1. I need the calculated FRET efficiency for the pair GLU85 and SER189, taking r as the beta carbon distance and R₀ as 41 Å, to the nearest 0.05.
2. Going by average Cβ neighbours within 10 Å, how do the peptides 116-125, 44-53 rank, with the highest at the top?
3. So how far apart, in nm, are the two label points at GLU151 and LEU139 if each is 7 Å from Cα heading toward Cβ?
4. Based on the Cβ-Cβ distance of TYR66 and LEU158, what FRET efficiency does E = 1/(1 + (r/R0)^6) give at R0 = 35 Å, to the nearest 0.05?
5. May I ask which of LYS114/LYS146; LYS94/LYS172; LYS55/LYS114 have a Cα-Cα span longer than 28 Å here?
6. Could you please rank ILE157, ILE126, placing first whichever residue has the fewest other Cβ atoms within 10 Å of its Cβ?
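We did not get these values from a lab; they are worked out from the coordinates using the rules stated. Since the model is a prediction, treat every value here as computed from it, not as a measurement. FYI the Cβ positions are ideal-geometry reconstructions off the backbone, even for glycines, and counts take in every protein chain you see.
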Amino acid sequence: MKKIIMFFIISPLFLAFSGNVLYSTLFEGNTIQENVLADTREWEFNYEATIWYIKQHEGFNNGYAYVCDAGYKTIGYGHVVKPSENFMNDRITKSQADSLLRLDFNQSIALVEKYTSLTGSKKLAIAHFVYSKGIGNFLRSRLKQKIDNNEPIDNEILKWCFYQTPDGRTIKSSYSFKIRQWELQMYNSK
């Protein structure tokens, strides 16, 4: 008799808290599918915002190739031209530049995924840093150590807005400072 009574007490509870009802309870009223969809939308929004931000600070230069401050032949939105690449008349369209930007940025994301366990906006922020400063600089940096140790990165990332003049003076770049602040804001969001 006890078993039958327990069955009638436990069965409705099990049914009430199984499936989407249980997930709904655990995930603030949303099902797993709703949470995944919301995360996907947030990722896509932040990804597109990052692409837009890169376009704003890199500029397009009418699609013509140019030599960047670091001395590399560059085209589009900051794409460094590889020796194996040849662009007709050293010029590309905005659509081609957008495609190159996304390829380059997706490679930066893949590298961040390979060398860190970051997700979401943190991954995008550091992928932007890698896009701007290079994977080698990131891997050798104290910034990566701080990320690996789950420590705040605020002071460390802001150190990356200085450059040295040919005569050895260290100068703060307000342009780079704004970019590092943007990365920090993206990193610390959510």
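1. Working: r = 35 Å, r/R0 = 0.85.
E between GLU85 and SER189, to the nearest 0.05, is 0.70.
2. On the way: 116-125: 18.5, 44-53: 14.5.
Per-residue mean Cβ counts within 10 Å order the peptides as 116-125, 44-53.
3. Calculated label separation equals 2.2 nm.
4. Numbers: r = 28 Å, r/R0 = 0.80.
So the FRET efficiency works out to roughly 0.80.
5. Numbers: LYS114/LYS146 16 Å; LYS94/LYS172 32 Å; LYS55/LYS114 25 Å.
Beyond 28 Å: LYS94/LYS172.
6. Working: ILE157 23, ILE126 26.
In increasing order of surrounding Cβ atoms, one gets ILE157, ILE126.
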